[in-house]
Amino acid sequence: MRKLVVAGLVCVLGACALVGLVRQDQRPAATPDGNATAGSIPYAELAAAREPSSRTSGSMARVDVDAGRAVAVEPGLIAMLEAVARAEARGHDREMEVLLTALIGRIDRLRGILDLLESGGIAENHLARRGAVATLVSAAARWSRGGGPPGLDGPAFVVEMLQRLPRQSAEDRALLVAFLSGTELGSNAVIGANQLEVVLGLCRDFPEDAALYAQLLAGLPGDPAELEPHRATLLAALAGDGPPALTGVLLRALLALDPLVAADAAEELLRSRPDDAMLRTVVAEALASAASPERAVDALLKLKDTGQFGAFAALSDRPETREVVRDRYNALVAANLDGRGRRVLVATMRNEETPLLLGIGATDPSPEVRQQAFLTVTLTRDVGTEGVQALRDAYARRSDPRNGLGARGALIAVGNVLIHTAGPAREDALRFLGDIARDPSVRLDDRRMALQRMRAHVPADSIADLVHLDADDEAQAGK
């Protein structure tokens, strides 16, 4: 992972974006003015280009390929794009800045690059394609909020570039979206509130790619002042039936603008589409990460969905929610109410003190909540020998529904202990697993699970007496 930095442009480049698209090519580079040096490839006639879009951002229609028109390519343009890709691959930021400045300074060159990508004429030229993407992203980063070189309305070109995304190949379209959504200029995302309407138009008119286009809005909420003029647009889009990925982005933006209105809109969404599991997930995660502590906690309690792991993590990462979570839990447990809700609350306590969670694991009236407490406390930390002993004690009481812990919950928690601990606590955990595996009163499936947990951590001869558990498994399979 590295960052591309060109005149204030910061773009995180993942290895997946480079492999197969940027390869070391020994062709000579172009000069900054666009003239190819000796030995560079001659330009070719490129077929299957499409006319530039003349539609507004609010309405889009599908564009058919006009296979009868060729694209006239400026001599040296392809060589310049190759040079950009080489400079990026080698980390030559100054060289990239010179090349990109020359390329994005002329509207005809920028449109020519779009024509090249749309025509498929450089589909096999990996260097040129990579350079084309870098150039277009650089232009969007510099001009999306205003300005532009002589003769170029920068924001209008960014809109044109977004409108022409459906005309790219699926691979180039995905690459452009990934880089546009992952690029920053200073502290601002390249695509933001000013491009909201055109991105929503793409999502609406090309629903099969709506989840992809929704990624363009990853930079929202950005500056709330920029979002304010788009409040009605956000609310209208949230009320639509867009994909969950888009709903999550829009909801986070509205939460930054008006948390109360956004929380009400989120609850209405859940009421209107109760069977949409993916929508439930994105709404829960958005509320957990950005709603007020009270609304965020109440929303998770209403959902009572113990599988919302992303939302639990988001809520636990917010220190201001800890007191609200504790208060809600204490009130419910004092009245012995809503065991499922208590389990949700305990699942959000990842950053709570270890003694508090071990105490819940020993005392909550619900066996499911006690198990959740042990899973939560062992998930991200070293609980030490005291934590392993607390697990042993709870397991020893497993026949008591008031304060025991079943074998399966104990095994999962001890597995977590092995991941996060070393030294005496790890040895205690392995002994605990051995005791379960060797106990004939324990269910065979649980004994096998204990053995599997041990195998990666102990010498084979130390568990040789347990190989019969595997033999039992084979015997059962043969029946």
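Each value in this text was obtained by applying a stated rule to the coordinates, not by laboratory testing. None of these values were measured; they are calculated from a predicted model. Backbone-built Cβ (ideal geometry, glycine too); neighbour counts: all protein chains shown.
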- Using θ = phi - 60° and the Karplus relation 6.51 cos²θ - 1.76 cosθ + 1.60, list the HN-Hα couplings for region 217-226 in order, rounded to whole Hz, with x at every Gly or Pro. 9, 4, x, 5, x, x, 7, x, 4, 6
- Task: Find out how many positive minus negative residues lie around L116, taking Lys and Arg as positive, Asp and Glu as negative, among other residues whose Cβ is under 11 Å from that of L116.
- Result: -1
- Query: region 226-273 to region 399-461: how many Å between their Cα centroids?
  - Reply: 46 Å
- Message: Residue by residue through region 405-410, what is 3J(HN,Hα) from phi via Karplus (6.51 cos²θ - 1.76 cosθ + 1.60, θ = phi - 60°)? Round to whole Hz and write x for glycine and proline.
- Response: 10, x, 4, 4, x, 5
- Residues with amide H under 5 Å from that of A189, placed H, sequence gap 5 or more: none
- Note on the structure: Computed for region 353-479: size of charge dipole around the Cα centre, +1 on C-beta of each Lys and Arg, -1 on C-beta of each Asp and Glu, debye to nearest 20, value 200 debye
- Message: To make sure I understand, if each residue's beta carbon is the centre and we count other beta carbons within 10 Å, what order do T421, T380 fall in, fewest to most?
- Response: T380, T421
- Task: For region 286-301, take each phi angle, set θ = phi - 60°, evaluate the Karplus expression 6.51 cos²θ - 1.76 cosθ + 1.60, and give the result in whole Hz per residue in order, putting x for glycine and proline.
- Result: 5, 5, 5, 8, 9, 6, 4, x, 5, 5, 5, 5, 4, 4, 5, 5
- What percentage of all Cα-Cα pairs in region 353-479 are separated by more than 20 Å? 43 percent
- Can you give me the relative contact order of region 353-479 as a percent, contacts being Cα pairs under 8 Å and 6 or more apart? 19 percent
